[in-house]
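These notes concern the structure reproduced below.
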Amino acid sequence: MIKEMKPTEIFKITIPQELVDYVQRLGRDVDSRVYLIDRIFYNHRNDDDANMFDSVPFKKYQKEFEELKAEYDMAVDKLGEKLIPFVVEKTGIEDPKFDWKIDDFTSLEVEITMR
């Protein structure tokens with residue numbers, strides 16, 4: 001029997017590990033770059049000029065961050081697309097509109113919020 005979903009109804013589904021591995025790794029890489037850039041800002045907060053931010057190392061970290069963030073955003077979008085069959089199976093809605101989040105990658109549970 002197909003359950004009728006109410007707007008903003010929230011439920012969890014369990015998905016295979018391989019669906020989240022790539023997104024999880026990219027998320028960690030993005031967080032690492034954010035941390036490094038943050039430390040550079042912190043370490044140079046009292047500089048009299050902005051030369052550090054024109055330096056080759058800073059520009060390298062910034063470029064790596066931009067590339068990883070773009071790759072991460074695309075991976076998140078693709079994961080959202082891969083969740084559609086799971087949501088269809090759970091709800092019976094052919095073209096479901098939903099938001100999702102993963103609070104704990106080790107649990108493999110995705111929280112789905114229907115729109």
key: Where a residue in the stretch 63-77 is under 17 Å from Leu36 (Cβ atoms) and modelled with pLDDT of 95 or more and its partner, wherever it lies, is among the small types (Gly, Ala, Ser) and exposed (fewer than 15 other Cβ atoms within 10 Å of the Cβ), with Cβ under 9 Å and at least six apart   = Leu68/Ser32
task = Among the residues of the stretch 5-37, write down those that are assigned to a helix (DSSP H, G or I), among the charged types (D, E, K, R) and either surrounded by 14 or more Cβ atoms within 10 Å (Cβ to Cβ) or at positive phi (or both).
result = Asp29, Arg33
task = Check whether at least one residue in the stretch 3-16 is within 27 Å of Thr106 (Cα to Cα), among the hydroxyl-bearing types (Ser, Thr, Tyr) and over 16 Å from the mean Cα position of the chain (by Cα), and report yes or no.
result = yes
ask   = Can you tell me which residues in the stretch 95-112 are outside any strand (DSSP E or B) and either closer than 11 Å to Phe11 by Cβ or among the hydroxyl-bearing types (Ser, Thr, Tyr) (or both)?
value = Thr106, Ser107
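The values are calculated or read from the model by the stated rules, or taken from the named source; none is laboratory data. Remember, it's a predicted structure, so these values are computed and weren't measured experimentally. Using ideal geometry, Cβ is built from the backbone for each residue, glycine included, and neighbour counts are taken over all protein chains shown.
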